[in-house]
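Report on the structure given below.
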Number of protein chains: 2
Amino acid sequence: MKLLDLYAKMKGDLNRIEQQLEKSVTSDHALMSETSLHLLKAGGKRIRPVFVLLSGKFGDYRLDVLERVAVPLELIHMASLVHDDVIDDAETRRGQMTVKSKWDNRIAMYTGDYIYAKALTIVTELPNPHIHQILSKAMVEMCIGEMEQIRDFFNTEQSVRQYLLRIRRKTALLIATSCQLGAVAANADRVTANRLYRFGYNVGMAFQIRDDVLDLCGTEKQLGKPPGSDIRQGNMTLPVLLALREEAVRDKLLQAIARIRESDGTDGTDEAIRLIRASRGIAAAEEMADRYIAKSLAALERLPDIPAKRDLIEIAHFIGKRNY
Amino acid sequence: MKLLDLYAKMKGDLNRIEQQLEKSVTSDHALMSETSLHLLKAGGKRIRPVFVLLSGKFGDYRLDVLERVAVPLELIHMASLVHDDVIDDAETRRGQMTVKSKWDNRIAMYTGDYIYAKALTIVTELPNPHIHQILSKAMVEMCIGEMEQIRDFFNTEQSVRQYLLRIRRKTALLIATSCQLGAVAANADRVTANRLYRFGYNVGMAFQIRDDVLDLCGTEKQLGKPPGSDIRQGNMTLPVLLALREEAVRDKLLQAIARIRESDGTDGTDEAIRLIRASRGIAAAEEMADRYIAKSLAALERLPDIPAKRDLIEIAHFIGKRNY
């Protein structure tokens, strides 16, 4: 089965999530609705809702309950994107103008704040306080991850471990939480919820590594933005750190990165991309992503063999693939 | 009794809140701790915790429960200040450097995000999901209020009603929520919680109006920043809107505001302040604040005559006073 088939199969329920996402940000205030909807309409893979719904299949699947977890998780992700765009000074995302370029930085900041808060009002409609706690803790970790990313900008001496800890907080924990909360909201038992959490965590790590590789190897068409946007802003991703370990590459790459820094990103990016692509960094990063995918599959092994399990395996394989 | 006596009387419990505030932002991450603590150490009146604790006296007063409402409310207020400082381009607050001037705008944005999220993890330790919902809804309204404030910058045609709706969201609802949640967390009955909410709402409105008046009439020493910071950034507060209604003032004031706008706040502020001070705007705004104070006192009337009630009356009178 292809990933598109999976989306097709889940279409009814995902449409409902889409409606609820839209509803959640269209009522309180005209300008808020406009900015938030702009972002919503730009689309996205809705991978967090997909994980919530599939994980919910391991318990009592009730869409009216699961949507109160899926919608907040996607909103939190969206809010973080709005704030990222302020930081990254991004003019476009997914080929569309960002909130900060269409309106301004101040509007983007408050739009993000609003979407965060809105996410929490929706999850708190569920009576289980444990769910509220898990979600707000995931949000704390994500914010720390975002902060760490800035702190580590242009730090060419950071370890691979530091990178992994950062993407764990920035990306993997929210995906792990999506899987966990889908199970918890569906009253699945704790062991099941923990296995799904572990699945999500490892898939999330692989997902971010692949995303970081893609930013260096993808085309502008694939990415919806020019390649190299990470390194241009000083984000030292895994392929960069691994390339820096290579004797023959290190000095030249350090010089290119220094040029990027000095020129505020206008110079040195193409050279850095060329050097990294020619290094072992890309392949080594992909191997690491593969290992996370293998771990994610292992976490699923002892779960009951329901169709949702096969769908999760499918997604893991898809994320693990070399080209998408 | 003076307000200082009230703080002295509550000292033990407020110290506990202060400790918990500090603890809440010092563990997860070094840079986060540093930026958040910097803000915390700058102090503040802790008016929201005071309202939580006093309202808690109308039920079963348990500090270990009430602190899980008081700390989040103060944190949400603090987070909004960090984000305000980004917007306002403020170099100092309460005589101290702001997070954005000591670090930078990006750090300030994520520090604010982190503090918001942290606030929610603390309140979710309480088992009552209704409390989580009330708090997150208050946060939504506050964010909308902040957004409205930007939208209305330099809008000299806005109505007084528009101003009142904005400060309701931006300030009054969070203070109302402080009073309400103190009562709810202490298991006070609904009627009591609603009366305290109404008290807090009206006190909050008066508080913001007085704050807006003070920004025009106070000295740099009183304010910890130069006067006129609102009008300099285009925030049309109540005294400004009321002064604009005066035939003899209107044209000159509009010109001064236009100069502020054109010069990005470097020119026209002193002239605008002078015109507003000489107008009826200040006195009329103060009268409006007085009416909100009267309403806040009316809301307390049918509550039991316990010491906390007299303390709330004291605070309301203090906020209503012409000079502080």
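Throughout, read-outs are computed from the coordinates displayed, never taken from laboratory work. Bear in mind that the values here come from a model prediction, so they are computed numbers and not experimental data. Counting neighbours? That spans all protein chains shown, and the Cβs are built from the backbone with ideal geometry, glycine included.
Quick look at the values:
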item: Values of log10 I(q)/I(0), in the order q = 0.08, 0.09, 0.11 Å⁻¹, for the protein assembly as shown under a Debye, Cα-only, solvent-free model; result: -0.63, -0.79, -1.12
item: Kirkwood estimate for segment A:128-283, i.e. one over the average of 1/r between Cα atoms, Å; result: 16.7 Å
item: Trypsin sites (Lys or Arg not before Pro) within segment B:224-271, DSSP loop, no more than 14 other Cβ atoms inside 10 Å; result: B:ARG245
item: Convex hull volume per residue for segment B:106-175, taking Cα atoms only, in Å³; result: 84 Å³
item: Folded to 0 to 90 degrees: helix A:269-278 orientation relative to chain A principal axis, Cα; result: 80 degrees
item: Candidates per trypsin sites (Lys or Arg not before Pro) in segment A:14-72, loop by DSSP, up to 13 other Cβ within 10 Å; result: A:LYS45, A:ARG62
item: Inter-copy label distances at A:ARG291 (7 Å, Cα→Cβ; nm, one decimal); result: 7.0
item: Amide H partners (placed H, <5 Å) of B:ASN235, local residues excluded; result: B:PHE154
item: Shielding score for A:146-154, defined as the mean number of other chain Cβ atoms within 10 Å; result: 4
item: Gap separating the Cα centres of segment A:268-320 and segment A:224-255, nearest whole Å; result: 20 Å
item: Nearest-20 debye value, the protein assembly as shown charge dipole, Cβ charges on Lys, Arg, Asp, Glu; result: 1300 debye
item: Summed side-chain charge close to A:LEU254 - residues other than A:LEU254 whose Cβ falls under 13 Å, Lys, Arg +1, Asp, Glu -1; result: -1
item: Mean residue ellipticity (222 nm) of chain B, computed from DSSP H runs ≥ 4 via -39,500 (n - 2.57), nearest 500; result: -23500 deg cm²/dmol
item: Distance between segment A:173-198 and segment B:200-218 - C-alpha centres, whole angstrom; result: 47 Å
item: Across the identical copies, how the A:ASP5 labels are spaced - nm, sorted shortest first, 7 Å along Cα→Cβ; result: 8.0
item: Cα point-scatterer Debye curve for chain A, base-10 log of I(q)/I(0) at q = 0.06, 0.10 Å⁻¹; result: -0.20, -0.57
item: Under the Karplus curve 6.51 cos²θ - 1.76 cosθ + 1.60, θ = phi - 60°, whole-Hz ³J(HN,Hα) for segment B:296-310, x wherever Gly or Pro sits; result: 5, 5, 4, 5, 7, 3, 8, 7, x, 7, 9, x, 4, 5, 5
item: Relative contact order (percent, whole number), chain A, Cα cutoff 8 Å, 6+ residue spacing; result: 18 percent
item: Using a 7 Å Cα-to-Cβ projection, A:LEU63 label spacings across copies, nm, ascending; result: 5.1
